[in-house]
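Read-outs throughout are calculated quantities, based only on the coordinates presented, and are distinct from any laboratory measurement. Computed from a prediction, not measured in an experiment: that's the story for all the values here. As a convention, Cβ positions derive from the backbone with ideal geometry for all residues, glycine included, and neighbour counts pool all protein chains shown.
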Amino acid sequence: MKKVLVILAAAGMLFAMSSCSKECKCKTYVDGEMKHENTVSKEDLESAGFEKCKDLNSTVELLGVKTEVKCH
């Protein structure tokens, strides 16, 4: 469980640096239950090398716990 929290914290830090008018809205789910919601500015998205909000989507399963990030 600690590893899952580390993964969530790392994802949160990535998304925490946002402050632009046009944003991606991202939600983090653990085993299907929403645990965290945040926004990413288009500027931060592009500076990280991504083109679209959906490029941030990811799914990781670790020790039987499925963690998903869904952005739109």
Fully extended, how many nm does the chain gain between residue 70 and residue 47 (0.36 nm per residue separation, minus their Cα-Cα distance)? 6.4 nm
Within segment 57-72, find all residues whose amide N lies under 20 Å from a label point positioned 7 Å from the Cα of residue 37 along Cα-to-beta-carbon. 57-58, 67-72
Above 12 angstrom, tally the Cα pairs of segment 27-72 and express them as a % of all pairs, no decimals. 61
